[in-house]
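Novice: Please find one structure pasted underneath; my questions will follow.
The values are calculated or read from the model by the stated rules, or taken from the named source; none is laboratory data. What you see is a predicted model; the values in this text were computed from it and never measured. Here the Cβ positions follow ideal geometry from the backbone for every residue, glycine too, while neighbour counts run over all protein chains shown.
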Amino acid sequence: MSAPVEAADTYRKPAFLRSIRNEAGAEIFLIPVLAFPVLEPQRTALRAALRLLVRALASHWRAASEVFIQYNQLHRGDGPRRFADHAREWAPQMGLGVWPDRKPPRYYTKEDFEELGPGDSLKPVLYKVFRVRAPQEVRERALEEMLGLGTLVVMITSEDSELLVRRTSALFGASIPQGSIRSFPFYIPLLELNTLTSASVEQMETWLSGAPVYIRESVEDDGVVVAAARPLEPILEQLGASYQPGPDSGWHIGP
């Protein structure tokens, strides 16, 4: 869990990209939020910052963005309505998210129910995700529409998008025991700060499967996690972000 976020920081404009780890091949940032769903005016600032960042990344590396929606967080706010209103346009395909440092996904067992105490609820053991199967401009609109609910995962790729998804599927699908749960059409990584800060550069590079940047709305971290396998500083400077030095270092992004 990230450090507590002060209200003044939360509503700061432009959005603040806090530096968590600054190492060649493993740059980790967090855009802190007060809570999901993100309320105005922070959602506007967050949308503007991510729009600038994603487009700058795409331009710099001639890259595309793969957009995924985390099913387990879709209940927040008006997430179900937003998703339903655009489902036909987005052509979503269901796959599975996998946490590299947690037990592999599985189905609930009889023992899971038997171990429940009074008032207990079942803990998730399966993390479904929807892939937005639509042209790039539609994916960008989907990102902006769903942003702020805690549902988004975005992977920037300068290669063929299908190749990226095949790589993540081969890597994370192999971690799941044989059975029907391996029948999903694709698998992607679900990464949080604890995972990323404790990983080696080689581990992170493997998890990103060739993607230079990974972005995830992380309810676990009260913010948007940005993991970069390539240097982000030149791109941040190019889009006009201003650097804040000191113990709480990072970048202010936005108009």
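Novice: Give the residues of segment 117-139 that are under 23 Å from Pro104 (Cβ atoms) and not in a loop (DSSP other than H, G, I, E, B), sorted by residue number.
Specialist: Tyr127, Lys128, Val129, Phe130, Arg131, listed by residue number.
Novice: Can you tell me which residues in segment 169-184 are modelled with pLDDT of 85 or more, surrounded by 14 or more Cβ atoms within 10 Å (Cβ to Cβ) and farther than 19 Å from Ala211 by Cβ?
Specialist: Listed by number, the residues that qualify are Ile176, Phe184.
Novice: Please give the number of the condition Ala87 fails out of (1) part of a helix (DSSP H, G or I); (2) buried (at least 17 other Cβ atoms within 10 Å of the Cβ); (3) of a type in the set (A, V, I, L, M, F, W, C).
Specialist: Of the numbered conditions (1) part of a helix (DSSP H, G or I); (2) buried (at least 17 other Cβ atoms within 10 Å of the Cβ); (3) of a type in the set (A, V, I, L, M, F, W, C), the odd one out for Ala87 is (2).
Novice: How many residues are within 19 Å of Glu192 (Cα to Cα), of a type outside the set (Val, Ile, Thr) and surrounded by 17 or more Cβ atoms within 10 Å (Cβ to Cβ) if we restrict to segment 127-142?
Specialist: 2
Novice: Can you tell me how many residues in segment 66-77 are in contact with a Leu (Cβ under 8 Å, 6 or more places away or on another chain) and within 14 Å of Arg131 (Cα to Cα)? Before you say what the answer is, go through the steps one by one.
Specialist: Initially, segment 66-77 is screened for residues in contact with a Leu (Cβ under 8 Å, 6 or more places away or on another chain), giving 66-70, 73-74, 76-77.
Adding the requirement that they be within 14 Å of Arg131 (Cα to Cα) leaves 66-70, 74.
Selection size over segment 66-77: 6.
Novice: Quick check: anything in segment 140-157 in a loop (DSSP other than H, G, I, E, B), farther than 30 Å from Leu34 by Cα and either within 15 Å of the chain's Cα centre (by Cα) or not hydrophobic (A, V, I, L, M, F, W, C) (or both)?
Specialist: No, every residue in segment 140-157 fails to be in a loop (DSSP other than H, G, I, E, B), farther than 30 Å from Leu34 by Cα and either within 15 Å of the chain's Cα centre (by Cα) or not hydrophobic (A, V, I, L, M, F, W, C) (or both).
Novice: While we're on this one: Considering Tyr187, Tyr214, which residue is surrounded by 14 or more Cβ atoms within 10 Å (Cβ to Cβ), farther than 26 Å from Ala48 by Cβ, of a type in the set (Ser, Thr, Tyr) and touching a helix residue (DSSP H, G or I) at 6+ places or on another chain (Cβ under 8 Å)?
Specialist: Details: Tyr214 fails: farther than 26 Å from Ala48 by Cβ.
Of the residues listed, the single one that is surrounded by 14 or more Cβ atoms within 10 Å (Cβ to Cβ), farther than 26 Å from Ala48 by Cβ, of a type in the set (Ser, Thr, Tyr) and touching a helix residue (DSSP H, G or I) at 6+ places or on another chain (Cβ under 8 Å) is Tyr187.
Novice: Now a separate question. Do you know which residues across segment 44-65 are surrounded by fewer than 21 Cβ atoms within 10 Å (Cβ to Cβ) and in contact with a Leu (Cβ under 7 Å, 6 or more places away or on another chain)?
Specialist: Arg47, Leu52, Ala56, Ala63
Novice: Could you please tell me which pairs satisfy a Cβ distance under 6 Å, a separation of 6+ or placement on different chains, a first residue in segment 13-32 that is under 21 Å from Arg47 (Cα atoms), and a second residue that is in a loop (DSSP other than H, G, I, E, B) and among the hydrophobic types (A, V, I, L, M, F, W, C)?
Specialist: Final answer for the pair search is Pro32/Val5.
Novice: Please list, ordered by first then second residue, the pairs with beta carbon atoms under 8 Å, 6 or more apart or interchain, first in segment 53-80 and touching a residue at least 12 places away in the same chain (Cβ under 8 Å), second acidic (Asp, Glu) and surrounded by 22 or more Cβ atoms within 10 Å (Cβ to Cβ).
Specialist: Partner pairs satisfying both residue conditions: Gln70/Glu217; Gln73/Glu217.
Novice: If I filter segment 95-125 down to residues being among the hydrophobic types (A, V, I, L, M, F, W, C) and exposed (fewer than 14 other Cβ atoms within 10 Å of the Cβ), which single residue comes out as nearest to Ser209 (Cα to Cα)?
Specialist: The residue in question is Leu122.
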